[in-house]
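Just below is one structure, and these are the notes that go with it.
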Amino acid sequence: AGMEYRSRHKDGAWRVLESVGQSYFGNLAGPALLVSSTDITERKRFDEILEASVARRTAELQRANRALRAEISRCRRLELGILRISEAEQRRIGQDLHDGLSQYLASINYYCHTLAHRWQQRALPEAAELRRIGELLDKALPQPRQLARGLHPLRPGQAGGFAKHLRELA
């Protein structure tokens, strides 16, 4: 490891030199010091440019990293919002299936069976066809209910629970 110092060159410019010395014991009258100096001005200038570039790039990367973290956070909030909206829409569709379509099918099924019974008592031949329609409705009725349960299941711990839902239906 040598010693660095600044020296003015004969052209007037300042130069950075590195000197390395070594003791020498030769045929001379006594010990001598052998010193070698190297001009490292360009290397030092390059090091400064490189350090400034690294510092600038590091600052850019830190800004980009902060922006990326903010964007990730924003995306997570959006994803949670989309999930909440999706769950709410699922519940709404489940309720519509249960409270709408299922109820209409049940009503049609009731009227169909009632009408089939009346027509059968009158010995109308169409009563058999109406009974067949009623049987198809009997098979179809559980499907929207199952879909509704899958989309909007009643949870035991929900606010109000079963009693609340009965009051809403009433």
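Name the residues in region 32-85 that are assigned to a strand (DSSP E or B) and either open to solvent by 60 Å² or more (accessible area, probe 1.4 Å) or over 30 Å from G2 (Cα atoms) (or both), would you?
Step one: of region 32-85, the residues assigned to a strand (DSSP E or B) are 32-39.
L33, L34, V35, S36, S37, T38, D39, listed by residue number.
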Practice prompt. Would you be able to say whether some residue in region 89-97 is hydrophobic (A, V, I, L, M, F, W, C) and either touching a Leu at 6+ places or on another chain (Cβ under 9 Å) or open to solvent by less than 70 Å² (accessible area, probe 1.4 Å) (or both)?
Written response: yes
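Please enumerate the residues belonging to region 1-31 that are polar (S, T, N, Q) and surrounded by 10 or more Cβ atoms within 10 Å (Cβ to Cβ).
First pass over region 1-31, keeping only residues polar (S, T, N, Q): 7, 19, 22-23, 27.
If the condition is that a residue be polar (S, T, N, Q) and surrounded by 10 or more Cβ atoms within 10 Å (Cβ to Cβ), then S7, S19 are the ones that fit.
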Response to the item:
Those residues of region 98-125 which are farther than 30 Å from L151 by Cα and exposed (fewer than 13 other Cβ atoms within 10 Å of the Cβ) amount to T114, R118, Q121, R122, A123, P125
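The values are calculated or read from the model by the stated rules, or taken from the named source; none is laboratory data. Everything quoted here is computed from the prediction, not taken from an experiment. Glycine gets a Cβ as well: all are built from the backbone with ideal geometry, and neighbour counts include every protein chain shown. All accessible areas refer to the heavy atoms of the entire protein, side chains included, with ligands and DNA or RNA removed. Shrake-Rupley method; radii C 1.70, N 1.55, O 1.52, S 1.80 Å.
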